[in-house]
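The structure under discussion appears below in the form of structure tokens.
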Amino acid sequence: MKLVAIKDFANVKALDLDANELKLANANHIPKGLRFSIGKTEVFKELNESQKEVVSKLVASASVVVDCKDNADIVSRIDDEVKSSAKVDAAIAKKSATVA
């Protein structure tokens, strides 16, 4: 099931995510906007029980949204927020570099 992180959260063992495969800067941190999958299906009912539990908890905690056509507006807003945040971070870094 394809998911998009709504907010930053911890990469815990139950997620069974490969930090190297996802190219995470910090193996223990899932950043807002990251796209990842749990299981090999797009259909919730086809996930195994453990995967269903993980996806349910992530959705219930508002940590992720399912990456599907019905959520395209939400995913687009998340992408815009991540891009905006990256621009602010770059501006702060540039300003800090000139001050130092």
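Tabulated values for the structure
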item	result
Computed [θ] at 222 nm, deg cm²/dmol, the chain (DSSP H ≥ 4; -39,500 (n - 2.57); rounded to nearest 500)	-14500 deg cm²/dmol
Neighbour-limited loop hits for GluC sites (Glu not before Pro), the chain (at most 14 other Cβ within 10 Å; DSSP other than H, G, I, E, B)	E42
GNM result for the chain, Cα springs below 10 Å: residue of D16, D67, D89 fluctuating most strongly	D89
Residue order, fewest to most surrounding Cβ atoms within 10 angstrom, among K69, K87	K69, K87
Loop-resident sites, region 1-63, for trypsin sites (Lys or Arg not before Pro), counting at most 14 other Cβ within 10 Å (DSSP)	K7, K23, K40
Cβ-Cβ FRET estimate between A93 and S50, R0 fixed at 30 Å, reported to 0.05	0.15
Radius 13 Å from Cβ of A60, net charge of other residues (Lys, Arg +1; Asp, Glu -1)	+1
The chain, dipole about Cα centre (Lys/Arg Cβ +1, Asp/Glu Cβ -1), debye to the nearest 20	340
Dipole magnitude of region 52-100, debye to nearest 20 (Cβ charges: Lys/Arg +1, Asp/Glu -1, about Cα centre)	240
Percent RCO, i.e. relative contact order, over the chain, from Cα pairs under 8 Å lying at least 6 residues apart	34
Rg/Rh (Cα only; Kirkwood hydrodynamic radius) as it applies to the chain	1.06
Degrees between helix 49-60 axis and first principal axis of the chain (Cα, 0 to 90, nearest 10)	40
5 angstrom amide H check on N11, placed H, neighbours 5+ away	H29, I30
Net charge of neighbours whose Cβ lies under 10 Å from the Cβ of M1, counting Lys and Arg as +1 and Asp and Glu as -1	0
With Cα atoms, 0 to 90° folded angle of helix 72-99 axis to the chain main axis	30
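Coordinate-derived values only; no laboratory data. Values in this document were obtained by computation on a predicted structure and should not be read as measured data. Ideal geometry is used to build each Cβ from the backbone, glycine not excepted, and the neighbour counts take in all protein chains shown.
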